[in-house]
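Visitor: I'd like to ask some things about the structure below.
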Amino acid sequence: MPKPFRFRSAQTVAVLAVTQLIGWGTTFDILGVMGRIVAPDLGVANEVVFAGLTIMMMVSAAVGPITGRWLARYGAAPVLSASSLTFALGLFLLAAANGIIVYAAAWIVIGVGGALGLSAPAYTAVVEREGINGKRVIAILMLFTGLSSAVFWPVLSLLNDTFGWRLTFLICAALQFFICLPLHLFALPKPIATQVDGGAADVAPVPLSKAAQRKAFLLIAATTTITTFITFGISPSLLEIFRQSGASPALALQLGSARGILGISARFLDMLLGRRGNPILSAATGIGLMLTSFLMLLPAGPSTTLLITFILLYGFGAGVVTVARALLPLALFSPREFGLQSARLSLPQNLANAVAPVVFTAILDRAGTGPALLFAAVLAALSLTLVLMLMALVRGARASQPSPVIS
(Lines give C-alpha, C1' and ligand atoms only; values in the text may rest on other atoms or scores of the structure.)
Protein backbone atom coordinates (compact mmCIF):
# COMPACT_ATOMS: atom_id res chain seq x y z
CA MET A 1 0.00 0.00 0.00
CA PRO A 2 1.29 3.55 -0.70
CA LYS A 3 2.24 5.63 2.30
CA PRO A 4 -0.75 8.04 2.17
CA PHE A 5 -3.08 5.06 2.10
CA ARG A 6 -1.28 3.52 5.06
CA PHE A 7 -1.71 6.77 7.01
CA ARG A 8 -5.43 6.85 6.20
CA SER A 9 -5.75 3.23 7.32
CA ALA A 10 -3.98 3.98 10.58
CA GLN A 11 -6.20 7.02 11.16
CA THR A 12 -9.35 4.99 10.47
CA VAL A 13 -8.26 2.22 12.83
CA ALA A 14 -7.22 4.68 15.57
CA VAL A 15 -10.53 6.55 15.57
CA LEU A 16 -12.75 3.47 15.39
CA ALA A 17 -10.65 1.50 17.89
CA VAL A 18 -11.19 4.17 20.56
CA THR A 19 -14.88 4.67 19.85
CA GLN A 20 -15.70 0.97 19.54
CA LEU A 21 -13.76 0.13 22.70
CA ILE A 22 -15.71 2.80 24.61
CA GLY A 23 -18.93 1.82 22.85
CA TRP A 24 -18.80 -1.82 23.90
CA GLY A 25 -17.21 -1.14 27.28
CA THR A 26 -19.89 1.34 28.38
CA THR A 27 -22.89 -0.64 27.10
CA PHE A 28 -22.87 -4.40 26.60
CA ASP A 29 -19.87 -5.09 28.85
CA ILE A 30 -21.07 -2.87 31.67
CA LEU A 31 -23.42 -5.34 33.36
CA GLY A 32 -20.67 -7.93 33.68
CA VAL A 33 -19.41 -5.84 36.61
CA MET A 34 -22.37 -3.62 37.50
CA GLY A 35 -25.38 -5.92 36.99
CA ARG A 36 -25.39 -7.63 40.37
CA ILE A 37 -24.58 -4.30 42.06
CA VAL A 38 -27.47 -2.41 40.47
CA ALA A 39 -30.09 -5.13 41.07
CA PRO A 40 -30.41 -4.78 44.89
CA ASP A 41 -30.66 -0.99 44.67
CA LEU A 42 -33.48 -1.25 42.13
CA GLY A 43 -35.14 -4.03 44.15
CA VAL A 44 -35.26 -6.56 41.32
CA ALA A 45 -33.77 -10.01 40.59
CA ASN A 46 -30.45 -10.34 38.79
CA GLU A 47 -32.01 -11.68 35.60
CA VAL A 48 -34.33 -8.67 35.44
CA VAL A 49 -31.33 -6.34 35.42
CA PHE A 50 -29.58 -8.47 32.81
CA ALA A 51 -32.77 -8.26 30.74
CA GLY A 52 -31.51 -4.79 29.90
CA LEU A 53 -29.16 -6.49 27.47
CA THR A 54 -32.15 -8.34 26.01
CA ILE A 55 -33.93 -5.04 25.47
CA MET A 56 -30.79 -3.57 23.94
CA MET A 57 -30.41 -6.38 21.43
CA MET A 58 -34.11 -6.57 20.52
CA VAL A 59 -34.19 -2.85 19.82
CA SER A 60 -30.93 -3.09 17.87
CA ALA A 61 -32.43 -5.90 15.80
CA ALA A 62 -35.53 -3.82 15.05
CA VAL A 63 -33.50 -0.74 14.10
CA GLY A 64 -30.89 -2.73 12.14
CA PRO A 65 -32.63 -2.64 8.72
CA ILE A 66 -33.18 1.12 9.07
CA THR A 67 -29.51 1.51 9.95
CA GLY A 68 -28.58 -0.31 6.74
CA ARG A 69 -30.58 2.18 4.69
CA TRP A 70 -29.09 5.15 6.55
CA LEU A 71 -25.58 3.80 6.02
CA ALA A 72 -26.26 3.55 2.27
CA ARG A 73 -27.79 7.04 2.12
CA TYR A 74 -25.66 9.12 4.50
CA GLY A 75 -22.49 7.07 5.03
CA ALA A 76 -21.08 5.67 8.25
CA ALA A 77 -19.72 8.83 9.93
CA PRO A 78 -23.09 10.59 10.54
CA VAL A 79 -24.65 7.33 11.72
CA LEU A 80 -21.79 6.67 14.14
CA SER A 81 -22.07 10.24 15.45
CA ALA A 82 -25.76 9.74 16.13
CA SER A 83 -24.89 6.60 18.07
CA SER A 84 -22.59 8.54 20.40
CA LEU A 85 -25.35 11.00 21.27
CA THR A 86 -27.83 8.17 21.76
CA PHE A 87 -25.48 6.20 24.00
CA ALA A 88 -24.82 9.30 26.14
CA LEU A 89 -28.56 9.81 26.64
CA GLY A 90 -29.15 6.15 27.49
CA LEU A 91 -26.33 6.06 30.04
CA PHE A 92 -27.64 9.27 31.63
CA LEU A 93 -31.03 7.59 32.02
CA LEU A 94 -29.34 4.54 33.58
CA ALA A 95 -27.68 6.78 36.15
CA ALA A 96 -31.05 8.34 36.98
CA ALA A 97 -32.99 5.05 37.17
CA ASN A 98 -34.90 4.51 40.40
CA GLY A 99 -37.14 1.73 39.20
CA ILE A 100 -37.72 -0.74 36.41
CA ILE A 101 -39.52 1.68 34.06
CA VAL A 102 -36.69 4.20 33.70
CA TYR A 103 -34.17 1.34 33.69
CA ALA A 104 -35.96 -0.34 30.77
CA ALA A 105 -36.32 2.98 28.92
CA ALA A 106 -32.57 3.54 29.25
CA TRP A 107 -31.83 0.21 27.58
CA ILE A 108 -34.29 1.00 24.78
CA VAL A 109 -32.28 4.14 24.04
CA ILE A 110 -28.99 2.22 24.32
CA GLY A 111 -30.40 -0.39 21.92
CA VAL A 112 -30.96 2.30 19.29
CA GLY A 113 -27.39 3.43 19.85
CA GLY A 114 -26.15 -0.13 19.45
CA ALA A 115 -27.76 -0.45 16.03
CA LEU A 116 -26.26 2.87 14.95
CA GLY A 117 -22.79 2.42 16.36
CA LEU A 118 -21.61 -1.09 17.22
CA SER A 119 -19.85 -3.54 14.88
CA ALA A 120 -21.60 -3.42 11.48
CA PRO A 121 -21.63 0.41 11.10
CA ALA A 122 -17.97 0.58 12.16
CA TYR A 123 -16.99 -2.18 9.73
CA THR A 124 -18.97 -0.41 7.01
CA ALA A 125 -16.95 2.73 7.77
CA VAL A 126 -13.79 0.69 7.20
CA VAL A 127 -14.98 -0.73 3.87
CA GLU A 128 -16.06 2.76 2.75
CA ARG A 129 -12.51 3.96 3.34
CA GLU A 130 -10.46 0.87 2.45
CA GLY A 131 -12.41 -1.03 -0.21
CA ILE A 132 -10.73 -4.35 -1.04
CA ASN A 133 -8.27 -3.83 1.83
CA GLY A 134 -11.13 -3.76 4.31
CA LYS A 135 -10.64 -7.37 5.44
CA ARG A 136 -7.18 -6.72 6.85
CA VAL A 137 -8.11 -3.35 8.35
CA ILE A 138 -11.19 -4.80 10.06
CA ALA A 139 -8.97 -7.49 11.59
CA ILE A 140 -6.58 -4.80 12.84
CA LEU A 141 -9.49 -2.78 14.26
CA MET A 142 -10.84 -5.82 16.08
CA LEU A 143 -7.39 -6.37 17.56
CA PHE A 144 -7.99 -3.23 19.62
CA THR A 145 -11.74 -3.33 20.18
CA GLY A 146 -11.44 -6.79 21.75
CA LEU A 147 -9.88 -5.05 24.75
CA SER A 148 -13.22 -3.56 25.82
CA SER A 149 -13.94 -5.94 28.68
CA ALA A 150 -10.27 -6.28 29.64
CA VAL A 151 -10.05 -2.49 29.94
CA PHE A 152 -13.49 -1.62 31.24
CA TRP A 153 -14.18 -4.38 33.77
CA PRO A 154 -11.32 -3.31 36.08
CA VAL A 155 -12.05 0.38 35.40
CA LEU A 156 -15.76 -0.01 36.12
CA SER A 157 -15.00 -1.95 39.28
CA LEU A 158 -12.64 0.81 40.46
CA LEU A 159 -15.10 3.59 39.57
CA ASN A 160 -17.92 1.83 41.37
CA ASP A 161 -15.80 1.31 44.49
CA THR A 162 -14.80 4.99 44.41
CA PHE A 163 -17.95 6.81 43.28
CA GLY A 164 -20.84 4.32 43.26
CA TRP A 165 -22.75 2.97 40.30
CA ARG A 166 -24.77 6.08 39.41
CA LEU A 167 -21.76 8.36 39.00
CA THR A 168 -19.99 5.54 37.15
CA PHE A 169 -22.78 5.54 34.54
CA LEU A 170 -22.53 9.35 34.26
CA ILE A 171 -18.79 9.08 33.61
CA CYS A 172 -19.53 6.55 30.86
CA ALA A 173 -22.04 8.99 29.32
CA ALA A 174 -19.37 11.71 29.37
CA LEU A 175 -16.96 9.42 27.50
CA GLN A 176 -19.53 9.00 24.74
CA PHE A 177 -20.28 12.72 24.45
CA PHE A 178 -16.85 14.27 24.88
CA ILE A 179 -14.65 11.62 23.22
CA CYS A 180 -16.62 9.44 20.80
CA LEU A 181 -18.83 12.15 19.30
CA PRO A 182 -15.98 14.52 18.28
CA LEU A 183 -13.95 11.61 16.89
CA HIS A 184 -16.85 10.41 14.71
CA LEU A 185 -17.64 13.95 13.53
CA PHE A 186 -14.17 15.29 12.79
CA ALA A 187 -11.46 12.62 12.89
CA LEU A 188 -12.52 9.96 10.36
CA PRO A 189 -10.94 10.21 6.88
CA LYS A 190 -13.23 10.89 3.94
CA PRO A 191 -14.62 7.77 2.22
CA ILE A 192 -12.61 6.76 -0.86
CA ALA A 193 -13.84 3.18 -1.49
CA THR A 194 -15.80 4.02 -4.63
CA GLN A 195 -12.84 5.73 -6.30
CA VAL A 196 -10.35 3.05 -5.25
CA ASP A 197 -12.32 -0.03 -6.06
CA GLY A 198 -14.12 0.86 -9.26
CA GLY A 199 -15.68 -2.18 -10.89
CA ALA A 200 -13.82 -4.53 -8.57
CA ALA A 201 -16.28 -3.62 -5.84
CA ASP A 202 -18.89 -5.76 -7.60
CA VAL A 203 -16.69 -8.87 -7.89
CA ALA A 204 -17.38 -11.58 -5.33
CA PRO A 205 -14.33 -13.54 -4.08
CA VAL A 206 -16.20 -16.87 -4.37
CA PRO A 207 -17.98 -17.81 -7.65
CA LEU A 208 -21.39 -18.78 -6.24
CA SER A 209 -24.59 -19.16 -8.21
CA LYS A 210 -27.70 -17.29 -7.04
CA ALA A 211 -29.03 -20.40 -5.30
CA ALA A 212 -25.64 -21.10 -3.72
CA GLN A 213 -25.44 -17.46 -2.55
CA ARG A 214 -28.77 -17.81 -0.77
CA LYS A 215 -27.66 -21.06 0.85
CA ALA A 216 -24.32 -19.55 1.86
CA PHE A 217 -26.06 -16.55 3.40
CA LEU A 218 -28.40 -18.80 5.40
CA LEU A 219 -25.48 -20.89 6.65
CA ILE A 220 -23.54 -17.77 7.62
CA ALA A 221 -26.60 -16.30 9.32
CA ALA A 222 -27.23 -19.51 11.28
CA THR A 223 -23.68 -20.10 12.46
CA THR A 224 -22.97 -16.45 13.33
CA THR A 225 -26.26 -16.20 15.19
CA ILE A 226 -25.48 -19.29 17.26
CA THR A 227 -21.92 -18.23 18.06
CA THR A 228 -22.98 -14.73 19.08
CA PHE A 229 -25.68 -16.31 21.25
CA ILE A 230 -22.96 -18.31 23.01
CA THR A 231 -20.44 -15.51 23.45
CA PHE A 232 -22.97 -12.78 24.26
CA GLY A 233 -24.72 -15.11 26.70
CA ILE A 234 -21.59 -16.20 28.52
CA SER A 235 -19.76 -12.86 28.54
CA PRO A 236 -21.89 -11.02 31.15
CA SER A 237 -21.97 -14.13 33.37
CA LEU A 238 -18.34 -15.19 32.99
CA LEU A 239 -17.36 -13.87 36.40
CA GLU A 240 -20.23 -15.81 37.98
CA ILE A 241 -19.17 -19.00 36.17
CA PHE A 242 -15.69 -18.64 37.68
CA ARG A 243 -17.09 -17.97 41.15
CA GLN A 244 -19.38 -21.00 41.00
CA SER A 245 -16.39 -23.04 39.83
CA GLY A 246 -14.46 -22.18 43.00
CA ALA A 247 -12.54 -19.04 42.02
CA SER A 248 -12.16 -16.18 44.49
CA PRO A 249 -13.63 -12.79 43.44
CA ALA A 250 -10.11 -11.50 42.70
CA LEU A 251 -9.19 -14.56 40.61
CA ALA A 252 -12.53 -14.41 38.80
CA LEU A 253 -11.86 -10.79 37.80
CA GLN A 254 -8.33 -11.67 36.66
CA LEU A 255 -9.57 -14.60 34.57
CA GLY A 256 -12.37 -12.49 33.09
CA SER A 257 -9.92 -9.76 32.11
CA ALA A 258 -7.55 -12.38 30.67
CA ARG A 259 -10.36 -13.47 28.33
CA GLY A 260 -10.11 -10.14 26.56
CA ILE A 261 -6.33 -10.37 26.26
CA LEU A 262 -6.60 -13.86 24.79
CA GLY A 263 -9.17 -12.63 22.32
CA ILE A 264 -6.73 -9.95 21.29
CA SER A 265 -3.99 -12.54 20.69
CA ALA A 266 -6.34 -14.49 18.42
CA ARG A 267 -7.17 -11.35 16.46
CA PHE A 268 -3.47 -10.51 16.20
CA LEU A 269 -2.86 -13.89 14.56
CA ASP A 270 -5.63 -13.20 12.05
CA MET A 271 -4.12 -9.77 11.35
CA LEU A 272 -0.72 -11.36 10.65
CA LEU A 273 -2.30 -13.80 8.22
CA GLY A 274 -3.86 -10.89 6.31
CA ARG A 275 -5.21 -11.93 2.92
CA ARG A 276 -3.89 -15.46 3.43
CA GLY A 277 -6.40 -15.94 6.25
CA ASN A 278 -9.54 -17.97 5.61
CA PRO A 279 -12.53 -16.79 7.69
CA ILE A 280 -14.38 -20.08 7.19
CA LEU A 281 -11.45 -22.14 8.44
CA SER A 282 -10.94 -19.63 11.26
CA ALA A 283 -14.59 -20.00 12.28
CA ALA A 284 -14.30 -23.80 12.40
CA THR A 285 -11.10 -23.59 14.46
CA GLY A 286 -12.49 -21.07 16.92
CA ILE A 287 -15.75 -22.94 17.46
CA GLY A 288 -13.80 -26.17 17.97
CA LEU A 289 -11.69 -24.53 20.70
CA MET A 290 -14.80 -23.18 22.42
CA LEU A 291 -16.48 -26.59 22.28
CA THR A 292 -13.39 -28.23 23.77
CA SER A 293 -13.32 -25.71 26.63
CA PHE A 294 -16.97 -26.36 27.54
CA LEU A 295 -16.59 -30.15 27.45
CA MET A 296 -13.35 -30.02 29.45
CA LEU A 297 -14.87 -28.04 32.34
CA LEU A 298 -18.08 -30.08 32.54
CA PRO A 299 -16.99 -33.25 34.40
CA ALA A 300 -14.23 -31.69 36.53
CA GLY A 301 -14.27 -30.29 40.05
CA PRO A 302 -13.02 -26.85 41.10
CA SER A 303 -9.40 -26.31 40.11
CA THR A 304 -7.41 -23.14 39.44
CA THR A 305 -5.34 -24.94 36.80
CA LEU A 306 -8.49 -26.16 35.05
CA LEU A 307 -10.03 -22.69 35.11
CA ILE A 308 -6.88 -21.21 33.57
CA THR A 309 -6.92 -23.89 30.84
CA PHE A 310 -10.60 -23.21 30.22
CA ILE A 311 -10.08 -19.47 29.77
CA LEU A 312 -7.11 -20.10 27.48
CA LEU A 313 -9.18 -22.28 25.15
CA TYR A 314 -12.40 -20.29 25.39
CA GLY A 315 -10.77 -16.86 25.22
CA PHE A 316 -8.64 -17.70 22.18
CA GLY A 317 -11.49 -19.56 20.45
CA ALA A 318 -13.98 -16.75 21.05
CA GLY A 319 -11.48 -14.23 19.70
CA VAL A 320 -10.98 -16.24 16.50
CA VAL A 321 -14.73 -16.64 16.06
CA THR A 322 -15.35 -12.92 16.56
CA VAL A 323 -12.96 -12.01 13.74
CA ALA A 324 -14.35 -14.71 11.44
CA ARG A 325 -17.91 -13.56 12.15
CA ALA A 326 -17.09 -10.04 10.98
CA LEU A 327 -15.13 -11.13 7.90
CA LEU A 328 -17.37 -13.89 6.54
CA PRO A 329 -19.58 -11.53 4.46
CA LEU A 330 -16.51 -9.86 2.89
CA ALA A 331 -14.95 -13.29 2.20
CA LEU A 332 -17.98 -14.56 0.26
CA PHE A 333 -19.67 -11.46 -1.16
CA SER A 334 -18.44 -8.37 -3.03
CA PRO A 335 -17.26 -5.26 -1.13
CA ARG A 336 -20.22 -3.28 -2.45
CA GLU A 337 -22.58 -5.81 -0.84
CA PHE A 338 -20.81 -5.77 2.52
CA GLY A 339 -22.94 -3.13 4.23
CA LEU A 340 -26.21 -4.66 3.06
CA GLN A 341 -25.25 -8.24 3.96
CA SER A 342 -23.88 -7.19 7.35
CA ALA A 343 -27.09 -5.30 8.14
CA ARG A 344 -29.16 -8.34 7.15
CA LEU A 345 -27.02 -10.59 9.33
CA SER A 346 -27.35 -8.23 12.30
CA LEU A 347 -31.11 -8.88 12.55
CA PRO A 348 -31.03 -12.58 13.55
CA GLN A 349 -27.83 -12.07 15.54
CA ASN A 350 -29.32 -9.31 17.65
CA LEU A 351 -32.54 -11.24 18.20
CA ALA A 352 -30.54 -14.20 19.50
CA ASN A 353 -28.32 -11.93 21.56
CA ALA A 354 -31.40 -10.38 23.12
CA VAL A 355 -32.33 -13.72 24.64
CA ALA A 356 -28.86 -15.06 25.44
CA PRO A 357 -27.88 -13.03 28.56
CA VAL A 358 -31.20 -13.74 30.30
CA VAL A 359 -31.09 -17.44 29.38
CA PHE A 360 -27.55 -17.97 30.65
CA THR A 361 -28.14 -15.87 33.77
CA ALA A 362 -31.28 -17.84 34.63
CA ILE A 363 -29.55 -21.20 34.05
CA LEU A 364 -26.58 -20.18 36.20
CA ASP A 365 -28.71 -18.83 39.05
CA ARG A 366 -31.15 -21.76 39.09
CA ALA A 367 -29.23 -24.82 37.83
CA GLY A 368 -25.55 -23.93 38.14
CA THR A 369 -22.49 -23.94 35.91
CA GLY A 370 -22.77 -27.54 34.62
CA PRO A 371 -26.09 -27.18 32.76
CA ALA A 372 -25.03 -23.78 31.40
CA LEU A 373 -21.80 -25.24 29.96
CA LEU A 374 -23.65 -28.27 28.55
CA PHE A 375 -26.10 -25.96 26.81
CA ALA A 376 -23.22 -23.96 25.35
CA ALA A 377 -21.47 -27.15 24.18
CA VAL A 378 -24.55 -28.36 22.29
CA LEU A 379 -24.89 -25.00 20.55
CA ALA A 380 -21.19 -24.97 19.66
CA ALA A 381 -21.42 -28.46 18.14
CA LEU A 382 -24.38 -27.35 16.00
CA SER A 383 -22.54 -24.23 14.85
CA LEU A 384 -19.46 -26.24 13.94
CA THR A 385 -21.61 -28.53 11.77
CA LEU A 386 -23.02 -25.53 9.90
CA VAL A 387 -19.53 -24.12 9.27
CA LEU A 388 -18.40 -27.44 7.83
CA MET A 389 -21.43 -27.38 5.50
CA LEU A 390 -20.45 -23.87 4.37
CA MET A 391 -16.90 -25.04 3.77
CA ALA A 392 -18.17 -27.88 1.59
CA LEU A 393 -20.41 -25.49 -0.37
CA VAL A 394 -17.51 -23.13 -1.15
CA ARG A 395 -15.20 -26.02 -2.06
CA GLY A 396 -17.83 -27.38 -4.45
CA ALA A 397 -18.37 -23.98 -6.08
CA ARG A 398 -14.67 -23.56 -6.73
CA ALA A 399 -14.29 -27.11 -8.01
CA SER A 400 -17.12 -26.58 -10.52
CA GLN A 401 -15.34 -23.63 -12.15
CA PRO A 402 -13.70 -24.54 -15.48
CA SER A 403 -9.92 -24.65 -15.40
CA PRO A 404 -8.17 -21.95 -17.43
CA VAL A 405 -7.04 -23.08 -20.86
CA ILE A 406 -3.29 -22.82 -21.36
CA SER A 407 -2.40 -22.11 -25.00
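The values are calculated or read from the model by the stated rules, or taken from the named source; none is laboratory data. Here the structure is a predicted model, which means the values were calculated and not measured. Note that we place each Cβ from the backbone using ideal geometry, even for glycine, and neighbour counts take in every protein chain shown. In case anyone asks, the SASA skips ligands and DNA or RNA and just uses the protein heavy atoms, side chains included. Shrake-Rupley method; radii C 1.70, N 1.55, O 1.52, S 1.80 Å.
Visitor: Scanning segment 300-329 for residues that are closer than 20 Å to Ser257 by Cα and among the small types (Gly, Ala, Ser), which turns out surrounded by the fewest Cβ atoms within 10 Å (Cβ to Cβ)?
Guide: First, the residues of segment 300-329 that are closer than 20 Å to Ser257 by Cα: 302-323.
Within this subset, residues satisfying the condition of being among the small types (Gly, Ala, Ser) are 303, 315, 317-319.
Details: Ser303: 14, Gly315: 27, Gly317: 26, Ala318: 26, Gly319: 28.
Among them, the one singled out is Ser303.
Visitor: So in segment 362-382, with the set limited to residues that are β-branched (Val, Ile, Thr) and modelled with pLDDT of 85 or more, which one is most open to solvent (accessible area, probe 1.4 Å)? Please lay out each step first, then the result.
Guide: Here is the first cut: in segment 362-382, the residues β-branched (Val, Ile, Thr) are 363, 369, 378.
Applying the additional criterion that residues be modelled with pLDDT of 85 or more yields 363, 378.
On the way: Ile363: 40, Val378: 89 Å².
The extreme case among them is Val378.
Visitor: Gly25: open to solvent by less than 20 Å² (accessible area, probe 1.4 Å) and either closer than 20 Å to Asp365 by Cα or within 21 Å of the chain's Cα centre (by Cα) (or both), yes or no? It would help to see each step written out before you state the result.
Guide: Working: open to solvent by less than 20 Å² (accessible area, probe 1.4 Å): yes; either closer than 20 Å to Asp365 by Cα or within 21 Å of the chain's Cα centre (by Cα) (or both): yes.
Yes; evaluated as a whole, the condition is true for this residue.
Visitor: If you check Ala14, Ala76, which single one turns out to be buried (at least 22 other Cβ atoms within 10 Å of the Cβ) and out of contact with any Cys (no Cβ under 7 Å at 6 or more places or on another chain)? Outline the logic, then answer.
Guide: Values: Ala14 fails: buried (at least 22 other Cβ atoms within 10 Å of the Cβ).
Ala76 is the lone residue from the list that is buried (at least 22 other Cβ atoms within 10 Å of the Cβ) and out of contact with any Cys (no Cβ under 7 Å at 6 or more places or on another chain).
Visitor: Shifting gears a bit: Would you be able to tell me the number of residues in segment 160-189 that are within 21 Å of Ser83 (Cβ to Cβ) and touching a residue at least 24 places away in the same chain (Cβ under 8 Å)?
Guide: We begin by selecting, within segment 160-189, every residue within 21 Å of Ser83 (Cβ to Cβ); these are 168-189.
Restricting the remaining residues to those that are touching a residue at least 24 places away in the same chain (Cβ under 8 Å) gives 168-170, 172-177, 179-181, 183-185, 187-189.
Matching residues across segment 160-189 total 18.
Visitor: Which condition number does Thr309 fail, the rest of (1) touching a Pro at 6+ places or on another chain (Cβ under 9 Å); (2) more than 30 Å from Ala212 (Cβ to Cβ); (3) among the β-branched types (Val, Ile, Thr) being met?
Guide: Here Thr309 meets the rest and fails (1).
Visitor: Out of everything in segment 96-107 that is open to solvent by less than 10 Å² (accessible area, probe 1.4 Å) and among the aliphatic types (A, V, I, L, M), what residue ends up being farthest from Met58 (Cα to Cα)?
Guide: For segment 96-107, the residue satisfying everything is Ala97.
Visitor: What number of residues in segment 249-279 are open to solvent by less than 60 Å² (accessible area, probe 1.4 Å) and either in a helix (DSSP H, G or I) or at pLDDT 70 or above (or both)?
Guide: Of segment 249-279, the ones open to solvent by less than 60 Å² (accessible area, probe 1.4 Å) are 251-253, 255-260, 262-267, 270-271, 274, 277, 279.
With either in a helix (DSSP H, G or I) or at pLDDT 70 or above (or both) added as a condition, the list becomes 251-253, 255-260, 262-267, 270-271, 274, 279.
Result for segment 249-279: 19.
Visitor: To continue, here is another question. Collect the residues in segment 34-43 that are more than 15 Å from Ile171 (Cα to Cα) and open to solvent by less than 40 Å² (accessible area, probe 1.4 Å), keeping them in residue-number order. Before the answer, list the steps.
Guide: Here is the first cut: in segment 34-43, the residues more than 15 Å from Ile171 (Cα to Cα) are 35-43.
Within segment 34-43, Gly35, Val38, Ala39, Leu42 meet the criteria.
Visitor: I need a count of the residues in segment 227-244 that are farther than 19 Å from Phe316 by Cβ and either open to solvent by 20 Å² or more (accessible area, probe 1.4 Å) or among the polar types (S, T, N, Q) (or both).
Guide: Count: 5.
Visitor: Taking the stated definitions as given, is Ser282 within 24 Å of the chain's Cα centre (by Cα), modelled with pLDDT of 85 or more and under 16 Å from Leu330 (Cα atoms)? Even if it seems obvious, please write down each step before you answer.
Guide: On the way: within 24 Å of the chain's Cα centre (by Cα): yes; modelled with pLDDT of 85 or more: yes; under 16 Å from Leu330 (Cα atoms): yes.
Criteria met by Ser282.
Visitor: Would it be correct to say that Arg344 is in contact with a helix residue (DSSP H, G or I) (Cβ under 8 Å, 6 or more places away or on another chain), charged (D, E, K, R), assigned to a helix (DSSP H, G or I) and buried (at least 20 other Cβ atoms within 10 Å of the Cβ)?
Guide: So Arg344 does not fit the description; no.
Visitor: Tell me, which residue of segment 62-73 that is without any contact (Cβ under 8 Å) to a residue 60 or more places away in the chain and β-branched (Val, Ile, Thr) is most open to solvent (accessible area, probe 1.4 Å)?
Guide: The residue in question is Ile66.
Visitor: Now for a separate question. Within segment 1-38, take every residue that is within 26 Å of Ile108 (Cβ to Cβ) and among the small types (Gly, Ala, Ser) and give me the one that is modelled with the lowest pLDDT.
Guide: Gly32
Visitor: For the structure I just gave you, tell me whether Leu159 is surrounded by 15 or more Cβ atoms within 10 Å (Cβ to Cβ) and either of a type in the set (Asp, Glu) or at pLDDT 95 or above (or both). Reasoning before the result, please.
Guide: On the way: surrounded by 15 or more Cβ atoms within 10 Å (Cβ to Cβ): yes; either of a type in the set (Asp, Glu) or at pLDDT 95 or above (or both): yes.
So Leu159 fits the description; yes.
Yes/no matrix, rows are residues, columns are (1) over 24 Å from Val18 (Cβ atoms); (2) in a helix (DSSP H, G or I); (3) within 19 Å of the chain's Cα centre (by Cα):
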{"residue": "Leu53", "(1), (2), (3)": "no, yes, yes"}
{"residue": "Ala61", "(1), (2), (3)": "yes, yes, yes"}
{"residue": "Gly68", "(1), (2), (3)": "yes, yes, yes"}
{"residue": "Val79", "(1), (2), (3)": "no, yes, yes"}
{"residue": "Ser83", "(1), (2), (3)": "no, yes, yes"}
{"residue": "Leu89", "(1), (2), (3)": "no, yes, no"}
{"residue": "Val112", "(1), (2), (3)": "no, yes, yes"}
{"residue": "Ala115", "(1), (2), (3)": "no, yes, yes"}
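Visitor: Do we find that Pro335 is touching a helix residue (DSSP H, G or I) at 6+ places or on another chain (Cβ under 7 Å), in contact (Cβ under 8 Å) with a residue 12 or more places away in the chain, within 25 Å of Ile234 (Cβ to Cβ) and crowded, with 23+ Cβ neighbours inside 10 Å in this structure? Give the derivation first.
Guide: Values: touching a helix residue (DSSP H, G or I) at 6+ places or on another chain (Cβ under 7 Å): yes; in contact (Cβ under 8 Å) with a residue 12 or more places away in the chain: yes; within 25 Å of Ile234 (Cβ to Cβ): no; crowded, with 23+ Cβ neighbours inside 10 Å: yes.
It is false that Pro335 is touching a helix residue (DSSP H, G or I) at 6+ places or on another chain (Cβ under 7 Å), in contact (Cβ under 8 Å) with a residue 12 or more places away in the chain, within 25 Å of Ile234 (Cβ to Cβ) and crowded, with 23+ Cβ neighbours inside 10 Å.
Visitor: Search segment 300-330 for residues being part of a helix (DSSP H, G or I) and hydroxyl-bearing (Ser, Thr, Tyr), and hand back the single one that is modelled with the lowest pLDDT.
Guide: Going through segment 300-330, the residues part of a helix (DSSP H, G or I) turn out to be 304-330.
Remaining after also requiring hydroxyl-bearing (Ser, Thr, Tyr): 304-305, 309, 314, 322.
Values: Thr304: 80, Thr305: 83, Thr309: 87, Tyr314: 92, Thr322: 84.
Going through the qualifying residues, I end up with Thr304.
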